[in-house]
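Please read the structure below before turning to the comments.
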Amino acid sequence: MAVASFLLGLPGLLVLNLVLGPAAVVLALAALARGTGRRGRALLGLALGIADLAVLVGLTVADHGVIWSFT
């Protein structure tokens, strides 16, 4: 789960940060709760997941709304 968290958090900085960010955070917290041997990777996944959400909030605030247009 720690590696999956890292692998979801990394591309989440560029695409689909609304989906990949929370998934990375949940997986990282689950890995840390289970006492994973890859603690550093889980912490990095947690940091990337939080960064994904921060990028989403920053882009939303800068654009005064959501950045996706479905029309």
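General remarks:
- Selection count, region 33-48, where residues are out of contact with any Gly (no Cβ under 9 Å at 6 or more places or on another chain), small (Gly, Ala, Ser) and part of a helix (DSSP H, G or I): 3
- Taken over region 8-35, the residue count meeting the criterion of being among the small types (Gly, Ala, Ser) and open to solvent by 80 Å² or more (accessible area, probe 1.4 Å) is 1.
Here is a yes/no grid of residues against (1) β-branched (Val, Ile, Thr); (2) open to solvent by 30 Å² or more (accessible area, probe 1.4 Å); (3) touching a Ser or Thr at 6+ places or on another chain (Cβ under 6 Å):
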position: 3; (1), (2), (3): yes, yes, no
position: 6; (1), (2), (3): no, yes, no
position: 38; (1), (2), (3): no, yes, no
position: 42; (1), (2), (3): no, no, yes
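- Residue match in region 1-16 (condition: closer than 16 Å to residue 59 by Cα and among the polar types (S, T, N, Q)): no
The values are calculated or read from the model by the stated rules, or taken from the named source; none is laboratory data. Bear in mind the structure is a predicted one, so any value in this text is a computation, not a measurement. Note: ideal-geometry Cβ built from the backbone for every residue, glycine included; neighbour counts use all protein chains shown. Keep in mind that these areas ignore ligands, DNA and RNA; they rest on the heavy atoms of the full protein, side chains included. Shrake-Rupley method; radii C 1.70, N 1.55, O 1.52, S 1.80 Å.
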